[in-house]
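Below is one structure, written out as structure tokens; the observations come after it.
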Amino acid sequence: MSENLSTGHFHPEDAPGYESILQCMRCGFCLAVCPTYALTNRERSSPRGRAALARAVADGKLEFTKAVGEEAFFCLDCKACSTACPSGVRVGTIMEFCRSQEQHFHPPSLPAGLLRDFILKRMLPSPALMENSLLPARLYQRIGLQWVVRNLGVNRLFPGLLAKMEGILPTLGTPLRLEIPEVIPAQGAKRGRVAFFLGCAMSLVFPEVSRQTARILAQQGFDVVTPKEVKCCGAPHLAEGDRETARQLARINLDLFNGLDVDAIVTDCAGCGCALKEYEEILEGRATHAELTRFRSKVRDISEFLAGAGIRAEGLRPVPMSVTYHEPCHLVHGQGLAKPPREVIRSIPGVELREMKESNWCCGMAGSFALKELETSRRLLERKLGNVRATEADALVTANPGCHLQLAWGVRELGLKQPVLHVVELMGRALPS
């Protein structure tokens, strides 16, 4: 989207590409798959409606009003419309550019702006600062205060946003980045050497998931290299309209992983994988074609990598249970990966996969959307969990930390029986002790 034939009323810095906006034929295929349109039935809250808003601004027929900015942030960026679009229009990406525009035309208040900059420009780029930021939450859990708050119903007295933030918090352990060896040797016949992209959320919030990822890769015959200098992939920054910080982080990660002698760069976070595969666009003109091509050619989601390499089934123990699978938006729509996670699930002895209706619909998390749009997010989640309940599966499986948080919170809120597991946690149960 670097070629802007016309910026119209957009600010010239990080304006969406005019050609990409023109691709929309207004055919309406996107309407049936857009969660926000399904809830509101508003044309402006549909992908083609959002594309029309962007085109009107680019044509100079509409100022970049606050309403345009609000619609950009109301988009889930679930990318389902991109999958459905016959012209390949990426409305989610156009809306990411519009979120950057919002910062130019309608910057937040000074306190909100300072908080935003601290989180995006200082905290997220610093693994150590991120780890320290969760110390109060871990203390809150370890001294039993969370148990009191939840079991005595104190959390029901909290305002909506605070209640969601408290309720969505899982049990926190020690951040994995501090513990994981830099190199874990392959077990059995060696098949290769991979780099493990340790994501922020996984290391901090679901360390056991990434511990299982490294364990599985080693068990499958791969040396696992985990560089501790890794930075945030930049996905939160793209979602919040801070493309410049995303570019800075991308450049650091590009140099770090291109400097490793590995066959693949593996991630267990769908959001990270989607952002990493977009470095070619994010760093266009800021890195050589050779650098970007080399990096992109190696990035793999864990399920994509295992399915492509071929899963060694010998020694796997039966896991007698039924599961249903929720497809993370940034895996199925952002990366086009629907089959690999299912191949991994079906490779586990004893597991029965029960497909749910609308498995590729957004769960309502969508980064900060779940906190900014509480009611809309909850309605999307209830629709999803209704489909989960109908399968009567023993467990709910997914492949992204944001989805994991949202779904686990919803399961507790609605009293469902299914625990939420990452695909690798399920496979980890089949590995030899």
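All of the numbers you see were taken from the coordinates with simple rules; none came from a lab. Computed from a prediction, not measured in an experiment: that's the story for all the values here. Glycine also receives a Cβ, built like all others from the backbone with ideal geometry; neighbour counts cover every protein chain displayed.
Given a cut-off of 20 Å, what percent of all Cα-Cα pairs of region 310-433 lie beyond it? Walk me through the intermediate numbers first.
On the way: 3127 of 7626 pairs.
Result for the distance tail: 41 percent.
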Query raised in the report: Near the amide H of Leu431, under 5 Å away, which other amide H atoms are found, from residues 5 or more places off or on another chain, if H is placed in the peptide plane?
Result: Arg317
Query raised in the report: What residue among Leu39, Leu204, Leu249 has the largest mean-square fluctuation in a Gaussian network model of the chain, using Cα springs under 10 Å?
Result: Leu39
Report task. Using only the alpha carbon atoms of region 91-241, find the Kirkwood hydrodynamic radius as the inverse mean reciprocal pair distance, in angstroms to one decimal. Result -> 18.3 Å
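Note the full-extension length gain between Lys61 and Leu169 as 0.36 nm times their separation in residues minus their Cα-Cα distance, in nm to one decimal. Don't skip to the answer; put the middle values down first.
On the way: separation 108, 0.36 × 108 = 38.88 nm, distance 4.47 nm.
Net length gain for the segment: 34.4 nm.
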Query raised in the report: Lys164: which lysines have alpha carbons under 30 Å from its alpha carbon, excluding same-chain residues fewer than 8 sequence positions away?
Result: Lys66, Lys79, Lys121, Lys231, Lys357, Lys372, Lys384, Lys417
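Taking neighbour Cβ counts within 10 Å as the exposure measure, how do His326, His104 sort from fewest upward? Walk me through the numbers on the way to the answer.
Details: His326 28, His104 16.
Least crowded to most crowded, the residues run His104, His326.
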Query raised in the report: Which semi-axis lengths, in whole Å and largest first, follow from the square roots of five times the eigenvalues of the Cα gyration tensor of region 1-123?
Result: 24, 17, 13
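Just want to confirm a number: the relative contact order over the chain, from Cα pairs under 8 angstrom separated by 6+ residues, in percent.
On the way: 729 pairs, mean separation 59.5, N = 433.
Taking the mean separation of contacting Cα pairs over the length of the chain, I get 14 percent.
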**Report entry** Among Ile94, Ile216, Ile119, residue whose mean-square fluctuation peaks in a GNM of the chain (springs only between Cα atoms under 10 Å)
**Finding:** Ile119
Report task. Mind sorting out which of [x] 20.5; [y] 27.2; [z] 22.7 is the real mean projected area of the Cα convex hull in nm² computed from the coordinates? Result -> [x]
Query raised in the report: Taking the chain as a Gaussian network, Cα atoms linked when under 10 Å apart, which of Val262, Val388, Val149 shows the biggest mean-square fluctuation?
Result: Val149
Query raised in the report: How long, wide and thick is region 88-177, going by the Cα atoms along their three principal axes, in whole angstroms, largest first?
Result: 46, 36, 33
Query - Length gained when the stretch Val148-Leu260 is fully extended (0.36 nm per residue, less Cα-Cα span) - result: 35.6 nm
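Which translational diffusion coefficient, to the nearest whole µm²/s, is obtained for region 176-308 from the Stokes-Einstein equation, given a Kirkwood hydrodynamic radius over C-alpha pairs, 4 °C and 1.567 mPa s? Let's see the in-between values first.
Numbers: Rh = 14.8 Å.
Result for D is 87 µm²/s.
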Query raised in the report: Hey, in the chain, which Cys have no second cysteine's beta-carbon closer than 4.7 Å?
Result: Cys24, Cys27, Cys34, Cys75, Cys85, Cys98, Cys200, Cys232, Cys274, Cys363, Cys403
Query - Karplus-derived HN-Hα couplings along region 53-69 (A = 6.51, B = -1.76, C = 1.60, θ = phi - 60°), whole Hz, x at Gly and Pro - result: 4, 4, 5, 4, 5, 5, 7, x, 8, 9, 6, 7, 7, 5, 5, 5, x
